[in-house]
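Inspection log for the structure reproduced underneath, given as structure tokens.
The values are calculated or read from the model by the stated rules, or taken from the named source; none is laboratory data. A quick note: this is a predicted structure, and the numbers were derived from the prediction, not measured. Cβ atoms come from the backbone with ideal geometry, glycine included; neighbour counts cover every protein chain shown.
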Amino acid sequence: MDLRDVAGELYAAAPGDFIAKRNAAAADADRPTAQQIKALRKPSASASAINALVRDEPDLVGDVLEIGARMRDAFASRDRAEIRSLTQERQRLLQRATEGLDLSPAVQREVEETLQAAVIDPAAAAAVRSGMLVRALESTGLEQVDVSEAVALPVEIEDFPAPTPGRRRKVAQEAAAQRAESSDADAAASTGEEPSAEPAESPSERRERERRVRAAEKTLERARGDAESVDDELDETVDRRGDLEAERERLQRLLQRTMDDLTETRSAERELRHRLSDAQRAVREAEKALREARDD
């Protein structure tokens with residue numbers, strides 16, 4: 001009996017059937033495997049909803065997770081138009097994934113936060129894809145999500161490393177050089193002629209040409225230094241903006257949870273005040289009955 005197969009069946013079951021199915025599976029297994037099966041935790045309501053979504057809507061969940069990889073590539077290449085487009089597409093997919101689940105507001109928020117974490121973080125994406133979540137996930141966007149206690153069994157985390165700014169510049173420069181060489185070769189091939197020899201230049205012309213070359217090289221060196229400095233500053237700014245946007249989303253979710261909790265607390269307070277009034281009235285009536293009984 002394979003533990004992963006058993007876990008897959010258990011986390012595919014309805015939450016109310018989990019314990020009974022786990023006990024039945026453990027009863028049919030050898031002792032070491034039975035102990036491992038009994039250690040499998042019952043999923044929370046939000047984790048169960050996500051596990052069901054992974055099974056029932058695999059294409060939709062795949063689209064949601066694939067957006068995460070594309071967004072990481074877009075941020076790595078600083079493609080602003082692609083980032084904006086993917087952000088809008090991400091919101092549409094998250095809305096489609098969570099609509100119609102018939103969950104309480106609190107559980108709905110946890111589902112949304114988990115899918116949002118899966119879009120941002122490869123570790124969270126792997127955990128969601130496993131279909132064996134035991135609790136919800138949340139990402140700040142600042143560090144990798146720890147999924148060790150959030151999934152029933154270990155999952156393989158896919159890594160999507162982003163190229164460094166220096167590597168991006170090197171690739172761009174190499175590509176530009178290759179395009180220039182290709183263009184020169186195509187031009188020579190189209191005419192079928194060898195480059196004509198330059199006429200002999202005088203010493204003064206040569207010195208002037210060398211002076212212009214040195215001046216142009218210095219100008220180019222300064223321009224490249226300025227461009228690299230701005231490029232590095234832009235990378236830092238883009239990264240910082242991404243961190244701030246993730247933090248803003250986390251704070252917005254926290255504010256919404258706090259407002260919902262406040263509303264529930266106010267409702268509970270009103271209910272308790274009504275119950276206290278009824279209890280105090282009952283005390284007064286009981287005291288009155290006691291006095292009347294003593295008088296009799």
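Return the residues of the range 50-61 that are under 18 Å from the mean Cα position of the chain (by Cα) and touching a residue at least 60 places away in the same chain (Cβ under 8 Å); say none if nothing qualifies. Give the derivation first.
First, pick out the residues of the range 50-61 that are under 18 Å from the mean Cα position of the chain (by Cα): 50-51, 53-54, 58-61.
Answer for the range 50-61, where residues must be under 18 Å from the mean Cα position of the chain (by Cα) and touching a residue at least 60 places away in the same chain (Cβ under 8 Å): 50, 51, 54, 61.
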### Query
Going through the range 44-70 one residue at a time, which ones are in contact with a Phe, Trp or Tyr (Cβ under 6 Å, 6 or more places away or on another chain) and either at pLDDT below 90 or at positive phi (or both)?
69
#### Entry: Test for residue 131: is it at pLDDT 85 or above, out of contact with any strand residue (DSSP E or B) (no Cβ under 8 Å at 6 or more places or on another chain) and either on the phi > 0 side of the Ramachandran plot or not hydrophobic (A, V, I, L, M, F, W, C) (or both)
yes
### Query
Among (1) assigned to a helix (DSSP H, G or I); (2) more than 21 Å from residue 119 (Cα to Cα), where does residue 69 come up short?
(2)
### Query
Checking residue 37 against (1) crowded, with 16+ Cβ neighbours inside 10 Å; (2) out of contact with any Ser or Thr (no Cβ under 8 Å at 6 or more places or on another chain); (3) in the same structural domain as residue 135 (by TED's automatic domain parsing), which single condition isn't satisfied?
(3)
